[in-house]
Amino acid sequence: MNLLKKLIIFIFIFFSLINFSLSKINFEIKMKINNEIITTFDIEQEMNYLLALNPQLNRIEDQELEMLAKKSIIKEKIRENEILKYKKLEMKNFKFEDYIGNLVRNSNFSSQEEFINYLRNFNISLDDLKKKIYIENEWKSLIYAKYIDSIKIDKVKLNKKIDNISKNKSLLEYNLSEIVFKKENNTLLTELIDQIIKSIENVGFENTANLYSISDSSKVGGKIGWIQKNNLSDEINNNLINLNKNSYSKPIKIGNNYLILKINDKRNTTIEIDKKKELEKMIMIETTKQLDKFSNIFFNKIKLNNKISEF
């Protein structure tokens, strides 16, 4: 065999080994959710997605980020499987532009194009984002259909609140982030709270929301945006009233869960109350709050019926 042939064979074997190695790295099986295989590539993509939504996650350890990605994939796959029991996933009539428009505004990008280019830096395509938003939207629709009749709104109480607000010329608003957590059976509440507080001190509030919060807002570092004081409960307002900007509350018990709120900013705004519109807004906020609670309960219930294996 002449030297040229030997060289060609060597190059072929060399690149074959590289390709095999890369394939093994990117497509090694790491999890199985029911009959669906999750590879290292899927986990890397989810890690990129989480980093795109909250760049501060680059402050946490790689193992913690991988754990977050796995949790995120599990939640999305279980939701997707539940939706598929009732309907096919067809995005033909999905008004994606409305959702991405809100996402662009809340992320402080000047245009949709700028946001899409930003996602490309994380290897996230528009189709990837579209599917994720679609599944989240369909899940909310499913929860609404299942639990809307269980929603309880005290309109008399809300109208009294509106009457009190209308006496003022200005209203305090908070820009908030949240960490919603619950005590697991095998964990002491004091230990869990200590872990969360230490995490806030070490890696920041937003990253801790990603790590510990059970709310959907965890993907964006717990950010929930501007909320008027009157749309918060008396207990929450009492916990926020003496807090300064960039400080956070003590844990507040809300039903079976606990809530820590961070004040990102606050402002007083001049108000002119339209009582009818204000009531509609309060009803929507209270409905969303109760549906979020039902969403967590239902998810934890159906999760028990899903087989999750890690390798």
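For the reader, a short list of remarks on this structure follows.
- Rounded if a/c under 1.5, otherwise prolate or oblate - region 74-166, Cα gyration tensor axes: oblate
- The convex hull around the C-alpha trace of the chain, projected and averaged over every direction, spans 22.2 square nanometres.
- Sequence-distant residues sharing a close amide H with K30 (under 5 Å, placed H): I38, T39, T40
- Along region 124-136 the Karplus relation, 6.51 cos²θ - 1.76 cosθ + 1.60 evaluated at θ = phi - 60°, assigns HN-Hα couplings of 9, 8, 5, 5, 4, 5, 4, 5, 5, 5, 4, 4, 4 Hz to successive residues, with x for each Gly and Pro.
- Taking region 187-311 and dividing mean pair separation by its residue count, relative contact order in percent (alpha carbons under 8 Å, at least six apart): 14 percent
- Relative contact order %, the chain, counting alpha carbon pairs below 8 Å whose residues are six or more apart: 22 percent
- Exposure proxy for W226, W139: other Cβ atoms within 10 Å of each Cβ, ordered fewest to most, give W226, W139.
- Placing pseudo-labels 7 Å out from each Cα toward the beta carbon at I37 and K250 gives an inter-label distance of 5.3 nm.
- Simple Cβ-charge dipole of region 39-149, Lys/Arg +1 and Asp/Glu -1, about Cα centre, in debye nearest 20: 480 debye
- Evaluated with a Cβ-only charge set (Lys, Arg +1; Asp, Glu -1), the chain carries a dipole of roughly 680 debye about its Cα centre, given to the nearest 20.
- The ranking of T187, T270, T40, T208 from fewest to most other beta carbons within 10 Å of each one's beta carbon is T270, T187, T40, T208.
- The label-point distance for I29 and L189, in a model that sets each label 7 Å from Cα toward Cβ, rounds to 4.3 nm.
- Structure-based [θ]222 nm, the chain - -39500 (n - 2.57) summed over DSSP H runs of at least 4, per residue, nearest 500: -18500 deg cm²/dmol
- Relative exposure of M31, M67, judged by other C-beta atoms within 10 Å (fewest first): M67, M31
- Across D62, D42, D154, mean-square fluctuation computed from a Gaussian network of the chain (C-alpha pairs under 10 Å connected) peaks at D154.
- 3J(HN,Hα) from dihedral phi, region 231-248, Karplus parametrisation 6.51/-1.76/1.60, rounded to Hz, x for glycine, proline: 8, 10, 5, 4, 5, 5, 4, 5, 7, 9, 4, 9, 8, 8, 4, 6, 10, 10
- Gaussian network model of the chain, springs between alpha carbon atoms under 10 Å - residue of K130, K275, K70 with greatest fluctuation: K275
Since every read-out is calculated from the coordinates, none of them should be taken as a lab result. All values reported here derive from a predicted model rather than from experimental measurement. Ideal geometry is used to build each Cβ from the backbone, glycine not excepted, and the neighbour counts take in all protein chains shown.
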